[in-house]
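Working notes, beginning with the structure itself.
Just so it is clear, none of the values below were taken in a lab; they were calculated from the coordinates. Note that the structure is predicted; figures quoted are calculated from it, not measured. Note that we place each Cβ from the backbone using ideal geometry, even for glycine, and neighbour counts take in every protein chain shown.
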Amino acid sequence: MTIYLHDIPLPEAKSRLDEALKATNRAGVLGIEEITLDEHALGRVLAKPIWAILSSPHYHASAMDGYAVRSESTVTASPSRPVELRISTEANYVDTGDPLPNWADAVIPIENVESVREMASSGDELVTPNIIRIRAAVTPWSHVRPLGEDIVATQLVIPAGHTLRPVDIGAIAASGHASLHVARKPRIAIIPTGSELVPVGQSVKAGDIIEYNSISLAAQVIGWGAEATRYPITVDDFDQICVRVQEAAQHHDLILLNAGSSAGSEDFSARVVEKLGELLVHGVAVRPGHPVILGMIGEKPEQIPIIGVPGYPVSAILTGEIFIEPLIARWLGRSAYVPLTIKAKLTRKVTSPAGDDDYMRLAVGRVGEQIVAAPLSRGAGVISSLVRADGITILPRGSQGLPAGSEVEVNLYRHPDEIEHTIFAIGSHDITIDILAQYLALKNRRLTSANVGSMGGLVALSRGECHLAGSHLLDPESGEYNLKYVNQILPDMPVKIIVLVGRQQGLMVAKGNPKKILSLRDLSRSEVSYVNRQSGAGTRVLLDYHLRLLAIPTVSIKGYQQEEYTHLAVAAAIASGRADCGLGIAAAAQALDLDFIPLYQERYDLIIPRRFYYDKLLEPLISILSDPDFKKTVASLPGYNTDQMGLEIL
């Protein structure tokens, strides 16, 4: 058995799959079915065009409540010389939608008509008026919907390949159809495998992984117009996986096998495909998604495709976008999805593997006159990066990355209007920023942030890459926060420095403090390991300041070079046992059930250029800082106080 992992370029991988589909007559619509025309037709793809059976309207219809008349009989009417028309012979009353009498070619609205009561031969006034008086002429076909105004019988109403919307269903009904022919929905089986997997909702222990890839893949499949069958978790047993795949192949058009697909010993996907059919591709030159597998299983010419989906969640989702959506599209007879795109400027330098197409996740916002894009976490297991992503840019093979300021084309996950309502923050991480984002969401604003540290946020402001930066940089000489650094990095930029919160910094340690860590002096103990914040972070500046005061050399601290970009990431490192302690905020310690040793009080500010401070985009943010409910929510967090929230320092 040959197990291999090749860096096949994406176009070649797609070409191999395309040829295999053509050989098995699976390159187009899989089948056609007739369905009743009702609301359940929404989202289905037409397999046959809709030609109008009836015109709409199929008669000359009144567009107003009024009187149907011959237009020629009104020609002489004027305010001073009204015309009188006898009802039933020269004018007939009609409601909106009523057919016109054969002799009529116009409608006079009821509000433009005067009723005239005639006298009976007895001299009494008739109860029902039988004459109308008009004081203006009407042109032919005024206030009339002529036959075929909307649709003319035999015309093309909707072509094949169209995905039906609510208005389309109405148009089809208006054209005389009671049923329609649509492409059969592809049936897709999703098989999660792995002895370490546990279902959603089940309690987990160390080594367990919650199985949610199949949920995400099924949601993608359904959203793209196919049917999804999620199979139960299959343990890492080659024979059991083979049986499950063969079972699924009996009733489905495509199998998504979420199993090991790397070059390791548990490369079940490739082995299963080799045993049950033909392995077309083992490894594609894209990241994330590198170890994807493409194959065909079963006996020719009845083979069906199988895709070995990588286990990391970001790789799995991008595999869906790259391979599965276009396949579903061709089976439904519609065009593959083409995302909206926008040009944006990278906020920092990025590197890329030379041999792969690199799908890089981005947070995107308009800052002044330019669109900026901040790269997000690149890890294939970081599904939250896709949640936060506004779009993706593809760095092609051979590029090896781009410098800061480079223009990239972004395939948007959001509508451009959402980008226009986005407040872009770059700087220090604080949990309050996340709470602020929730409050802003209720005011039609999105707050997206990139955590690069306080110093990095000020640098981003200097380059015009964000609307605001969170900062808590201590000046050791004055004891003041942020002013010195703002003056150094933003000397020519008028800014506002607004207090967001006061907060407590301290050492986060494992529950029960097993290493008995009490102060920074304990960091130099040989048995204590530390996890640091990145260079330029306010917490790192605070640590280094106090280490100098205590004459503690950084080289004596085990783990000083181990860096994380947020307080929660530091807390996670300690909770996982990767480190014994780290400097951070009390709220992060509480979030991961750690003990907290309070050490210092500090001030966390928002640095906002004046041109944005007074901009309509930021109005809701400024108002929230004086919202009693927001202050109460923040003050409830451990180690926070809101006494100075909203205070202008500069």
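Looking at the range 235-345 only, what percent of DSSP beta bridges run antiparallel? Nearest 5 please.
Values: 10 of 13 bridges.
Of all bridge pairs located within the range 235-345, approximately 75 percent are antiparallel.
Considering the values (i) 281; (ii) 253; (iii) 160, which represents volume of the Cα convex hull per residue in Å³ as calculated for the structure under consideration?
(ii)
With a Förster radius of 30 Å, plug the Cβ-Cβ distance of ASN444 and LEU54 into 1/(1 + (r/R0)^6) and report the FRET value to the nearest 0.05.
According to the calculation, E is roughly 0.10.
Which of the three applies to the range 341-420, rounded, prolate or oblate, going by the alpha-carbon gyration tensor with a ≥ b ≥ c and a/c under 1.5 meaning rounded?
Numbers: a/c = 1.94, a/b = 1.31, b/c = 1.47.
It is oblate, given that a/c is not under 1.5 and a/b is not larger than b/c.
Starting with the highest mean, order 451-457, 274-280, 111-117 by the number of other Cβ atoms within 10 Å, averaged over the residues of each peptide.
Going by the mean number of other Cβ atoms within 10 Å, highest first, we get 451-457, 274-280, 111-117.
What FRET efficiency comes out for the pair LYS349/GLU247, r = Cβ-Cβ distance, R0 = 41 Å, nearest 0.05?
Here the calculated transfer efficiency is 0.25.
7 Å from Cα along Cα→Cβ at both GLN561 and ALA27: what's the point-to-point distance in nm?
The answer from the label model is 5.6 nm.
Determine the calculated [θ] at 222 nm for the chain from helices alone, applying -39500 (n - 2.57) to every DSSP H run no shorter than 4 residues and normalising by the residue count; nearest 500 deg cm²/dmol. Intermediate values should be presented prior to the final figure.
Working: 18 runs with 153 residues, N = 650.
-6500 deg cm²/dmol, from helical runs alone.
Over 18 Å between Cα atoms: which of LYS14/LYS275; LYS496/LYS616; LYS22/LYS275; LYS516/LYS558; LYS48/LYS185 fall into that group?
LYS14/LYS275; LYS22/LYS275
For the range 160-184 and the range 462-514, compute the distance between their C-alpha centroids and round to whole Å.
That distance is 59 Å.
Once Lys and Arg get +1 and Asp and Glu get -1 on their Cβ, which of PRO291, SER315, VAL350 lies farthest toward the positive end of the dipole of the range 278-367?
Positive-end residue among those listed: VAL350.
Once you order the gyration tensor axes a ≥ b ≥ c over the Cα atoms, which shape class does the range 158-316 get: rounded for a/c under 1.5, otherwise prolate or oblate by comparing a/b with b/c?
It comes out prolate by the Cα gyration axes.
Using the beta-carbon distance between ILE222 and SER80 and R0 = 45 Å, what value does 1/(1 + (r/R0)^6) give for FRET efficiency, to the nearest 0.05? Walk me through the numbers before you get to the answer.
On the way: r = 69 Å, r/R0 = 1.54.
Step by step, r from the Cβ atoms, then E = 0.05.
Just order 61-68, 159-166, 464-471 by mean Cβ neighbour count inside 10 Å, highest at the front, would you?
Per-residue Cβ counts within 10 Å, averaged per peptide and sorted highest first, yield 464-471, 61-68, 159-166.
Using a/c under 1.5 as the rounded threshold, could you call the range 208-249 rounded, prolate or oblate? The axes a ≥ b ≥ c are square roots of the C-alpha gyration tensor eigenvalues, and prolate needs a/b larger than b/c, oblate otherwise.
oblate
In a shell of Cβ-Cβ distance under 14 Å around ALA189, excluding ALA189 itself, what net charge do Lys and Arg (+1) and Asp and Glu (-1) give? List each step's numbers first, then the result.
On the way: positive: LYS185, ARG187, ARG230, ARG244; negative: GLU227, GLU247, ASP253.
Residues close to ALA189 contribute a combined charge of +1.
Using a cut-off of 11 Å between beta-carbons, work out the net charge of the residues near SER556 (Lys and Arg +1, Asp and Glu -1, SER556 not included).
Charge balance in the 11 Å sphere: +3.
Using the Cβ atoms and a cut-off under 10 Å, what net charge is assigned to the surroundings of ILE498, where Lys and Arg are +1 and Asp and Glu are -1?
-1
Cα centroids of the range 271-301 and the range 601-650: how far apart, whole angstrom?
53
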